[in-house]
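Remarks on the structure that follows.
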Amino acid sequence: MHPKRFLVALLSIALAVPPGAFAQSHGAAGIAPTAAAAESPLVSGPTDAYDPILPPDIAQGVFGTYGGAQSRFSNGAGSGGNPGGNPGSNGWRAPIAAQQLPDLGNGGAGSLTPQAERKLGERVMRELRRDPDYLDDWLVRDYLNSVSAKLAAAANTLYIGGYRPDFDLFAVRDAQINAFSLPGGFIGVNTGLIVTTQTESELAAVLGHEMGHVLQRHISRMISTGERSGYAALVGILFGVLAGVLAHSGDLGSAIAIGGQAYAVDSQLRFSRSAEQEADRVGFLLLAGAGYDPYAMPTFFGRLDRAAMNDNGMPAYARTHPLTGERIADMEDRARRAPYRQPHQDPEYGFVRARARLLQDHSRSEYADEISRMHSEIDERTALNVAANWYGIAYGQMLLERYDDAAASLATARTTFEAGERAEGGSRRSSPSLDVLAADIARRAGHDDEAARLAEFAQKRWPDSNAAIDMHIRTLLTLRRFTEAQALARQETRAHPDQPAWWLYLAQAAAGSGDALTQHRAMAEKFALEGAWPSAIRQLKDARDLKTIGYYDLATVDARLHEMESRYKEERLDDKDSTG
């Protein structure tokens with residue numbers, strides 16, 4: 001990643017837009033409320049009215065009231081849920097007053113709007129996707145987003161958070177134990193964190209904590225009201241994003257505390273501590289509400305805290321999210337008061353964890369070493385999941401181009417998985433990870449007919465799996481079945497136009513089938529999503545100059561060209577203002 005280019009892209013947003021453009025609308029002239037903004041904000045749920053109790057390191061009145069204490073915690077009209085306020089009827093979440101979420105400030109005037117926050121996050125993500133450590137692995141992304149979807153559903157059910165962000169989780173090739181939130185609902189997860197967790201509930205605990213930062217709008221609320229709510233505050237945040245992400249510190253809040261020179265140091269640190277506590281408590285509610293093991297949060301954080309005290313050095317997560325004894329004790333107390341339930345662990349967790357062990361390696365020798373460790377764990381009976389270990393061995397062997405060995409190991413993984421399912425009374429006979437890897441091994445081994453059959457079967461069995469769709473398209477491209485690949489890729493670009501991969505596949509398939517117009521238009525959309533406006537514009541001009549283009553297509557291309565040229569002009573002005 002190139003820091004200077006990244007810095008210019010980030011600072012352009014802060015310096016080129018008037019401060020009022022990032023403020024939430026409360027009927028101000030010139031700001032039209034959107035349909036989403038017109039909805040009543042979600043609140044934390046009904047309980048008996050009480051005065052918010054702040055942690056001892058937060059003075060009353062420092063940050064005001066976020067969303068209004070009475071609207072968040074009272075039984076008044078519009079609060080939703082149990083109007084009678086009967087604690088017993090709400091199970092573990094009643095009384096929510098006992099959760100005592102710290103009051104961290106008003107999410108109103110002077111803070112980023114959700115739309116501006118998302119735009120900021122998308123600009124940051126453009127640069128992150130260019131980093132070689134960004135893992136564009138659909139199996140991992142699908143799984144992480146499936147966990148976040150369960151946690152987000154719990155947030156909706158429990159009326160947690162002031163808005164409904166579109167969470168988008170992604171993995172980073174980094175052995176450090178860490179995760180981090182970016183503006184707009186983007187959450188990065190290091191492979192080291194996935195590998196270090198021992199259960200799906202432990203991973204969900206960390207994801208719930210990071211989602212708590214997003215739902216409570218901690219990033220936006222770092223910008224205080226008054227004179228500091230404009231350029232200086234946002235520039236401080238952007239410097240923090242840059243410092244935190246480039247240094248792989250993994251925590252945006254801590255990065256802001258370091259980079260946000262617009263604030264007093266002691267106030268910034270106090271905010272950081274209280275934000276962590278609020279994210280803990282929100283994360284715990286999401287964890288329990290989604291059916292995960294509530295003890296997973298204190299268990300995992302306690303294990304990291306103990307690791308911080310040994311000779312191995314402090315884990316990155318413990319450095320960027322200070323794991324105080326008070327925080328861990330608070331989570332343990334909440335777990336004890338939560339009703340017991342047997343959590344169900346998705347089989348994908350074990351397979352994705354094993355895949356992450358290989359993905360964080362870089363060389364053939366590292367792949368071989370990881371395969372050897374997985375074999376040893378099976379032999380010594382220390383493997384957390386034997387089927388997952390065999391899956392990891394198969395994936396590593398495929399990366400080493402040992403395709404026959406990979407197919408045999410995958411068969412063992414499948415047999416072991418099916419036996420485990422029968423023993424536990426389950427009915428699943430496969431998973432997306434198993435079926436997608438089977439097609440990938442056949443594709444790479446040159447077994448064309450088998451690869452085509454397995455890839456089509458995987459997509460039919462898992463129609464909602466991006467990984468299965470991706471493998472089907474890649475297999476069709478490998479087999480030079482361009483017409484079929486083009487039809488499937490076009491279907492995905494219509495369903496998910498914000499994913500550059502689908503546009504790239506559409507362009508490749510169109511090039512193979514001789515459809516130059518579609519090729520140029522698809523590449524233009526891919527470049528636009530990446531912020532490469534000159535390349536996108538060039539592609540549309542090439543499309544416009546095709547001799548075979550019809551009148552309707554020409555009008556469509558011209559309209560899109562005008563849109564892209566306008567966006568490019570806007571961003572160039574932003575960059576000029578930010579460096580001028």
TODO: Please tell me which of these pairs span more than 21 angstrom C-alpha to C-alpha: LYS541/LYS569; LYS526/LYS547; LYS119/LYS526; LYS526/LYS569?
DONE: LYS526/LYS547
Open item on the list: Can you give me the distance in nm between label points at ARG538 and ARG129, each placed 7 Å from the Cα along the Cα-to-Cβ direction?
Closed with: 1.9
Task: Antiparallel bridges, percent of DSSP beta bridges restricted to region 149-193 (to nearest 5) - done: 40
Task: Label-point separation in nm, ASP448 to GLN491, each point 7 Å along Cα→Cβ - done: 2.3
Open item on the list: If I take R0 = 45 Å and measure r between the Cβ atoms of THR382 and THR157 in this structure, what FRET efficiency does the formula 1/(1 + (r/R0)^6) give, to the nearest 0.05?
Closed with: 0.75
- [ ] Run the dipole for region 480-580 about the Cα centre, Lys and Arg Cβ at +1, Asp and Glu Cβ at -1, nothing else charged, and hand back the magnitude in debye, nearest 20.
- [x] 400
- [ ] Determine, from the Cβ-Cβ distance of ARG373 and PHE457 and an R0 of 41 Å, the FRET efficiency 1/(1 + (r/R0)^6), rounded to the nearest 0.05.
- [x] 0.80
Task: Computed E for SER365/GLU565 - FRET, C-beta separation, R0 51 angstrom, nearest 0.05 - done: 0.55
Task: Order by protection proxy (mean Cβ within 10 Å, highest first), peptides 465-475, 207-217, 332-342 - done: 207-217, 465-475, 332-342
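Just so you know, all these numbers are worked out from the coordinates, no wet-lab data involved. Because the structure is a prediction, the values reported are computed rather than measured. Backbone-built Cβ (ideal geometry, glycine too); neighbour counts: all protein chains shown.
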